[in-house]
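The values are calculated or read from the model by the stated rules, or taken from the named source; none is laboratory data. Nothing here was measured: the structure is a model prediction, and the numbers come from that model. Note: ideal-geometry Cβ built from the backbone for every residue, glycine included; neighbour counts use all protein chains shown.
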Amino acid sequence: MSTSVFTRLHLRDRIRDRDTAVYSILLILALVFPMASIYATDGTALVSQATRAGTFVLLAIGLNVVVGFAGLLDLGYAAFYAIGAYSYALFASTQLVTLGFGEIVPQLFYNFDQWTGGINAVGGIDQPTLPAWIQGPWSGDGPFQVVRNFNFGGDPVAFYVLICILIAAAIILVNNLYRSRLGRAWMAIREDEVAAAAMGINTVTTKLLAFGIGASFSGFAGAFYGANVSLVSPDSFLFIVSITVLVMVVLGGMGNISGVIIGALVLYYVVYYLIPGLPENVRSLANSIGLSSETTRSLADATQHLNYIIYGGILVAMMLLRPQGLLPSRVREQELKHAAVQEEEAAVEMEHAT
Amino acid sequence: MSLPDFGFYVLCATAIVLLAAQAVIHPGEFVQVFIFGLTQGSIYALVALGYTMVYGIIELINFAHGDVFTLGAYVGSAILGFFAISEGGFTTVNLIALLLVFPAVMLVMGGINVAIERVAYRPLRNAPRLAPLITAIGMSFFLEGVMFLWHGPATVHFPDILPKAATTVAGVFFGFKDVFVVVVAAILVALLAIFINRTKLGKAMRATAQDRDAAQLMGIDINRTIAATFFIGALLAGAGGMIWGLYYNTVYYQLGFRSGLIAFTAAVFGGIGNIPGAALGGLIIGLIAAFSDSYIGSKWTQVVVFGILIGVLVFRPTGLLGMRVPEK
């Protein structure tokens, strides 16, 4: 008995260690990335890309609440992303961007407060004052000149900083939710709905809360997207977006926030950077090897036509190699292992019996 | 009668009254649209059966199924190219080609689907539930990629080899093609029903869908049964692809994504896991789509189809005919 408690404590420590490591690496990367990329490429295109990747991270964190915590399947996730972007576009088309954000975001957070009293730890995100405290010591002509004066009109770095702050806030929020009474209720439903209902959990309300909170993140990300791109069209919110975000969550490791972030970043890189850039890379590689221009062109064309196959192949291969995701939730991993061992033992026993 | 049931009947009654009004005002147009909806619905029914069978047996939304359907049309058009078919009229060669190619395409698609199951789904049978869903999405992209590589992004012509005979009865136009589509689909669904209800393998499938562990204890080879399910689902999808090609004479590589989604909707509509439900759901979705195309406007069709789906699921969560598998 005492050993099991001990191993569990030990396990919790290990989870915390790994998460700390992942978050530290992510934090350092997030800080270094804009400076390094601006220094290296002399432009902010890469920072804009990173901002867009950040939007997907936010989406994935939200969907993780639905899919990873509560074990539900949500294939209409992009709809809320669209609603967020559109309501932002409608509210803010004539106002200052920051004000528009102030219009939308407090509403979302107001809803959060209404739903879950246990997450007051994130009271620091007081949106209406966000513009004021963003213009902290690093703006102006100080030593951190990279971030000049947070002009949301055209400065990609401003949006980059904002999405980083939003992601950090989302991580804290979701972590607290995970450890709250509601989070435990979600996990209970995920593992066994009947047992959860028998323990007095209102399964309908709890599931609705998972959908609602997940959708809030999506709408939130949509509002950010609308502000960032300043052009919203239905094409940006097709079914394929829901699928992509779902793949990000499953690929990263359902239920584990740090894993989901890694999954979102990796898949964003693959879908929007690696695969579209592949023909160009093949061309330059073929050139450097010294193939004729004819072969080079045909090779590049062939690669372009292989886009779908490569993406599909990557998805299948990733899932076959790591069905539990890149960084699975340690707790769930242990549970799965435990179940597998039990099943094996049962099978062995059955064989003995026959 | 409970409130949800009441709502469901009110919804149905309103739709029927509105349609009946149209039928009385313009009977010719109504019947014409009805025939078109019936043909479209027959194809959706064939595809929906594959979705529902796979979902019933391993609880997987097989996203690749719509692409198997499209690939059927691609393969059919390729094999038909080997015959000296004439697109001008119906010749003996056309008949022979049709009789040979139709089952051949079905078998090829069955084989491909079994291979997909073996590679992408079977290794993940004990993995988290969403892992095979992701490989299904991956296989869907893969198949789309194969078709893209094969013929590029443009639409592909499918040989027009059916007789062009057509008659006009009381202002309603219908051709041999319409009859062909509905009759072939009806025959296939009837064969499936016989197979599921009368054969030993069909019984094994039903048992596996109900309780996999218990079925295994009864000596049923689970892997073989699941492979057979995929095989039969793909037979129907291949037939659907052939029929689609023969009827519309044009296919494109992303056809499976859109029509697969609608067929899946049809399966959910009829009660996912329920085989007669999928056939009925396909027919009804086809009819709804056709009526909404002509009476409301084609740009609203998707909204109407999915809106009705949501309506039905709100009032009757298990779909029209209910789930075969009882709740735990």
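When B:Phe36 is tested against (1) more than 20 Å from B:Arg258 (Cβ to Cβ); (2) surrounded by fewer than 24 Cβ atoms within 10 Å (Cβ to Cβ), just one condition goes unmet, and that condition is (1).
Can you find a residue that is at pLDDT 85 or above and within 14 Å of chain A (Cβ to nearest Cβ) anywhere in segment B:174-188? Within segment B:174-188 (the criterion being at pLDDT 85 or above and within 14 Å of chain A (Cβ to nearest Cβ)), the answer is no, since none of the residues qualifies.
Close contacts from segment A:69-83, counting a first residue that is closer than 25 Å to A:Asn228 by Cα and without any contact (Cβ under 8 Å) to a residue 24 or more places away in the chain and a second that is among the basic types (Lys, Arg) and assigned to a loop (DSSP other than H, G, I, E, B), with Cβ to Cβ under 9 Å and a gap of 6+ residues or different chains, come to none at all.
Residues in segment B:57-82 that are more than 25 Å from B:His157 (Cα to Cα) and among the acidic types (Asp, Glu): B:Glu59 alone. Each residue in segment B:128-172 was checked for being of a type outside the set (Lys, Arg) and farther than 23 Å from A:Ile310 by Cβ, and 17 of them qualify.
When the criteria are applied in full, B:Ala131 fails the requirement of being assigned to a loop (DSSP other than H, G, I, E, B), over 21 Å from the mean Cα position of the chain (by Cα), within 14 Å of chain A (Cβ to nearest Cβ) and among the hydrophobic types (A, V, I, L, M, F, W, C). When restricted to residues that are crowded, with 24+ Cβ neighbours inside 10 Å and under 12 Å from the mean Cα position of the chain (by Cα), segment B:243-261 contains 4.
The single residue among B:Ala237, B:Ala266, B:Ala227 that is within 24 Å of B:Phe148 (Cβ to Cβ), in a helix (DSSP H, G or I), touching a helix residue (DSSP H, G or I) at 6+ places or on another chain (Cβ under 9 Å) and touching a residue at least 12 places away in the same chain (Cβ under 8 Å) turns out to be B:Ala237. Between B:Val172, B:Val182, the distinction of being touching a residue at least 12 places away in the same chain (Cβ under 8 Å) and closer than 19 Å to B:Leu46 by Cβ belongs to B:Val182 only.
Looking at this structure, is B:Phe173 surrounded by 17 or more Cβ atoms within 10 Å (Cβ to Cβ) and touching a strand residue (DSSP E or B) at 6+ places or on another chain (Cβ under 8 Å)? Steps first, answer last, please.
On the way: surrounded by 17 or more Cβ atoms within 10 Å (Cβ to Cβ): no; touching a strand residue (DSSP E or B) at 6+ places or on another chain (Cβ under 8 Å): yes.
In short, no.
When you scan segment B:63-75, do you find a residue that is more than 14 Å from chain A (Cβ to nearest Cβ), surrounded by fewer than 19 Cβ atoms within 10 Å (Cβ to Cβ) and at pLDDT 85 or above, even just one? For segment B:63-75, residues more than 14 Å from chain A (Cβ to nearest Cβ), surrounded by fewer than 19 Cβ atoms within 10 Å (Cβ to Cβ) and at pLDDT 85 or above: absent. For B:Leu124, the stated conditions hold: it is farther than 22 Å from B:Val251 by Cβ, surrounded by fewer than 23 Cβ atoms within 10 Å (Cβ to Cβ) and of a type in the set (A, V, I, L, M).
Taking (1) out of contact with any helix residue (DSSP H, G or I) (no Cβ under 6 Å at 6 or more places or on another chain); (2) surrounded by 14 or more Cβ atoms within 10 Å (Cβ to Cβ) in turn, B:Ala115 satisfies each apart from (2). Note on segment A:300-322: residues that are within 14 Å of chain B (Cβ to nearest Cβ), touching a helix residue (DSSP H, G or I) at 6+ places or on another chain (Cβ under 7 Å) and in a helix (DSSP H, G or I) total 16. State whether one or more residues within segment B:177-198 are more than 19 Å from B:Met53 (Cα to Cα) and either acidic (Asp, Glu) or outside any helix (DSSP H, G or I) (or both). Scanning segment B:177-198, I find at least one residue that is more than 19 Å from B:Met53 (Cα to Cα) and either acidic (Asp, Glu) or outside any helix (DSSP H, G or I) (or both), so the answer is yes. Checking each residue in segment B:119-145 for being free of Cβ contacts under 8 Å to residues at least 60 places away in the same chain and among the hydroxyl-bearing types (Ser, Thr, Tyr) picks out only B:Thr135.
Looking across B:Asp221, B:Asp213, one residue alone is surrounded by fewer than 24 Cβ atoms within 10 Å (Cβ to Cβ) and at pLDDT below 90. It is B:Asp213.
Confirm whether B:Tyr51 is over 16 Å from B:Ile284 (Cβ atoms) and aromatic (Phe, Trp, Tyr). Reasoning before the result, please.
On the way: over 16 Å from B:Ile284 (Cβ atoms): no; aromatic (Phe, Trp, Tyr): yes.
Judged against the criteria, B:Tyr51 is not a match.
Name the residue, out of B:Thr92, B:Thr52, B:Thr135, that is within 28 Å of B:Thr301 (Cβ to Cβ) and out of contact with any Ser or Thr (no Cβ under 6 Å at 6 or more places or on another chain). None of the other options fit; the residue is B:Thr52. Within segment A:53-67, is there a residue that is more than 30 Å from B:Thr265 (Cβ to Cβ), at pLDDT below 65 and surrounded by 23 or more Cβ atoms within 10 Å (Cβ to Cβ)? No, segment A:53-67 contains no residue that is more than 30 Å from B:Thr265 (Cβ to Cβ), at pLDDT below 65 and surrounded by 23 or more Cβ atoms within 10 Å (Cβ to Cβ).
Only one of A:Ala36, A:Ala92, A:Ala30 is modelled with pLDDT under 75 and surrounded by 12 or more Cβ atoms within 10 Å (Cβ to Cβ). Can you tell me which? Before the answer, list the steps.
Details: A:Ala36 fails: modelled with pLDDT under 75; A:Ala30 fails: modelled with pLDDT under 75.
Within the list A:Ala36, A:Ala92, A:Ala30, the selection yields A:Ala92.
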